[in-house]
1. Do we find a residue being surrounded by 19 or more Cβ atoms within 10 Å (Cβ to Cβ) and under 15 Å from the mean Cα position of the chain (by Cα) anywhere in region A:115-125?
2. I'm trying to understand the selection: among the residues of region A:3-44, which are surrounded by fewer than 10 Cβ atoms within 10 Å (Cβ to Cβ) and closer than 27 Å to residue A:252 by Cβ?
3. Sort out which residues of region B:114-135 are under 9 Å from the mean Cα position of the chain (by Cα) and either surrounded by fewer than 24 Cβ atoms within 10 Å (Cβ to Cβ) or not in a helix (DSSP H, G or I) (or both), and write them in order of number.
4. For residue A:137, work out the one condition from (1) buried (at least 20 other Cβ atoms within 10 Å of the Cβ); (2) in a helix (DSSP H, G or I); (3) touching a Lys or Arg at 6+ places or on another chain (Cβ under 7 Å); (4) more than 9 Å from chain B (Cβ to nearest Cβ) it doesn't fulfil.
5. Looking only at region B:216-258, count how many residues are surrounded by 15 or more Cβ atoms within 10 Å (Cβ to Cβ), of a type outside the set (A, V, I, L, M) and part of a loop (DSSP other than H, G, I, E, B).
6. I'd like the full set of residues that are within 12 Å of chain A (Cβ to nearest Cβ) and assigned to a strand (DSSP E or B), limited to region B:164-201.
7. Only one residue in B:197, B:182, B:98, B:189 is under 22 Å from residue A:224 (Cβ atoms) and either buried (at least 24 other Cβ atoms within 10 Å of the Cβ) or small (Gly, Ala, Ser) (or both), so which one is that?
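The values are calculated or read from the model by the stated rules, or taken from the named source; none is laboratory data. The model shown is predicted, which means the values in this text are computed figures rather than measured ones. Here the Cβ is made from the backbone with ideal geometry for all residues, glycine too, and neighbour counts use every protein chain on show. Just the protein is used for accessible areas: all its heavy atoms, side chains included, with ligands, DNA and RNA removed. Shrake-Rupley method; radii C 1.70, N 1.55, O 1.52, S 1.80 Å.
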Amino acid sequence: MGPELDFEKPILELQEKISELKKFMDEKGIDLSDELNHLQERLADLEKDTYGSMTPWERVRVARKLNRPTTLDYIPLLFTDFIECHGDRLYGDDPAIVAGIAKFHGRPVTVIGEQRGRDTKENIMRNFGSPHPEGYRKALRLMKQADKFHRPIITFIDTKGAFPGKAAEERGQSEAIARNLFEMSGLSVPVICVVIGEGASGGALAIGVGNHILMLENAWYSVISPEGAAALLWKDAGKAEEAAKTMKITGSDLKKLGIIDKLIPEVLGGAHHDPKKQAEFIDQALIESFEELSQLTADQVRNQRLAKYRAIGNYETVQENQTNQLIFSYSSDRQ
Amino acid sequence: MKDFFTKKKKYATVPSTKARQDVPEGIVRKCPKCKKIMYVKELSKHLFVCQSCGYHYPIGAHDRAEMLFDQDSYVEFDEKMVSLNPLRFPNYMNKLESDRKKTGLNEAVWTGKGTIEGFEAAVAIMDKGFRMGSMGSVVGEKITRLIEYADKNGIPVIIFSASGGARMQEGVLSLMQMAKTSGALKTFSENGGLYISIMTHPTTGGVSASFASLGDYNFAEPGALIGFAGRRIIEQTIGEELPDDFQTAEFLLKHGQLDQVIPRSELRTVLGQVLSIHVGGGAEEWDRN
């Protein structure tokens with residue numbers, strides 16, 4: 001199950017108690033099933049209480065669990081005939097981004113996702129899921145190919161951020177991200193993005209300009225990590241827990257802010273408790289999105305995506321001669 | 001009632017002296033690079049470039065507009081647009097208010113149109129004196145409107161970037177401004193619009209990773225800091241010291257990320273030349289034959 005988090009400890013203790021009781025019953029042959037049922041009921045309640053009221057910071061920690069399902073865990077559960085495609089044709093291949101073609105319920109799609117490691121060795125190989133420019137350029141190459149062959153694109157966002165390194169800067173990390181935002185805005189095929197774990201900043205957005213943005217219940221998505229926000233704003237990375245709340249980074253926050261289209265529920269305790277079941281939830285959400293988006297023409301697909309981002313912003317125009325009272329204006333038309 | 005108290009407390013704070021150093025004021029200024037002391041009057045005659053070592057002082061949006069456009073040729077757009085506080089971030093509104101007083105701007109970007117060497121252009125100028133030039137909803141909206149205006153009127157877009165990146169206090173909304181501005185540029189580009197990006201000190205983070213890097217021509221001022229991640233973060237991540245010129249305009253030029261590094265004194269002339277090459281989309285002169 002992976003290391004438990006502190007807020008999960010009471011659950012774990014109760015689970016241990018139950019298994020001890022079972023063992024005791026087996027060994028001694030004494031029937032204590034009343035007691036056992038009682039404990040199991042208590043466990044169910046406790047799980048419901050604990051996981052039903054997780055704080056933003058607790059969700060962040062669940063999103064970071066080493067055994068949380070990644071892009072490569074979901075691909076075989078959601079698609080058939082997956083063929084991975086490597087390389088950006090310019091510099092190299094970035095293992096922090098996985099990309100390829102596949103079938104989704106029999107229909108061709110292009111699949112792109114950020115990929116962290118599931119153990120230390122793989123994490124080193126995949127640079128902990130932090131892409132270099134060649135990763136984003138590989139993603140773009142595959143997206144343009146999808147556009148050419150009129151097949152929809154599904155992306156899985158799961159990154160601590162684009163890699164902050166010397167080589168990444170030399171090869172144009174900024175340009176690679178910017179180019180993806182620019183080109184994704186012009187795609188004529190549906191793009192569905194699913195935030196499955198961590199969604200940190202430009203490194204997440206670089207494969208995240210979509211017609212529909214879906215997000216798992218315990219995933220987070222923001223302009224910066226909670227630690228980064230705390231360090232920048234309050235000069236204290238230790239205030240990450242507070243930042244996780246203030247920065248409004250959870251799926252339910254983003255749904256309220258109108259940034260994401262759909263919040264995908266997680267299995268009790270988090271996706272890692274049952275990846276197969278979790279994939280079913282994602283599958284259902286993807287089917288719904290496809291049904292909606294397949295009604296649109298190529299032009300409409302593009303315009304819907306552009307309009308979606310065009311509308312994001314929170315501002316007002318202060319009218320002349322009114323110094324105290326602010327008049328709200330959300331109109332995007334030039335006055 | 002709670003808000004009332006925090007507001008009152010905030011009124012007592014004075015912009016730090018460090019922030020004030022960015023604003024060209026007073027009688028003399030000391031060059032941070034070669035330490036030469038110069039009269040501000042003299043400096044302003046030379047577009048705030050040190051005459052001894054060539055250091056380009058960061059300048060505010062109003063000064064930039066004044067030195068860029070043909071005399072009395074420009075008007076401002078959306079000058080009354082201000083940020084709200086979508087995340088209800090503590091103290092954010094007070095910080096905006098103090099930066100308004102400091103810079104004379106309502107937000108971190110000035111937008112408008114005017115003529116440069118006789119050519120009309122829609123121009124955005126970011127001001128690092130306002131929340132470090134960070135991009136939140138207003139910056140994203142003003143730049144997007146500017147691009148749409150240029151698209152509708154068939155004129156080029158020039159953006160002077162000067163920004164620490166996305167604005168933290170507006171969280172994910174700031175992040176999405178990257179997609180919004182890039183989307184507007186995509187449409188503009190497909191309609192044949194000309195976009196010139198000029199990166200000035202500093203152009204980093206979410207601004208560098210969106211519209212600033214998307215010019216048909218990407219230019220920069222000498223010595224400008226340009227990059228995605230902060231130097232300190234990179235040094236911590238890779239555990240080695242970085243070369244002195246790392247993430248400077250000259251470094252980016254060497255690595256193929258810029259078309260040219262252009263000294264401030266030559267900028268108007270070069271812009272005039274680029275704009276003249278693109279008159280009528282550029283093809284007109286050939287199509288006629």
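1. Yes, region A:115-125 contains at least one residue that is surrounded by 19 or more Cβ atoms within 10 Å (Cβ to Cβ) and under 15 Å from the mean Cα position of the chain (by Cα).
2. Within region A:3-44, A:3, A:6 meet the criteria.
3. First, the residues of region B:114-135 that are under 9 Å from the mean Cα position of the chain (by Cα): B:124-128, B:133.
B:124, B:125, B:126, B:127, B:128, listed by residue number.
4. Condition (3) is where residue A:137 drops out.
5. Number of matching residues: 9.
6. Residues satisfying the conditions are B:166, B:195, B:197, B:199.
7. After ruling out the rest, the residue left standing is B:182.
Conditions tested, residue by residue: (1) more than 10 Å from chain B (Cβ to nearest Cβ); (2) part of a strand (DSSP E or B).
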residue: A:178; (1), (2): no, no
residue: A:186; (1), (2): no, no
residue: A:196; (1), (2): yes, yes
residue: A:214; (1), (2): yes, yes
residue: A:218; (1), (2): yes, no
residue: A:221; (1), (2): no, yes
residue: A:233; (1), (2): no, no
residue: A:241; (1), (2): yes, no
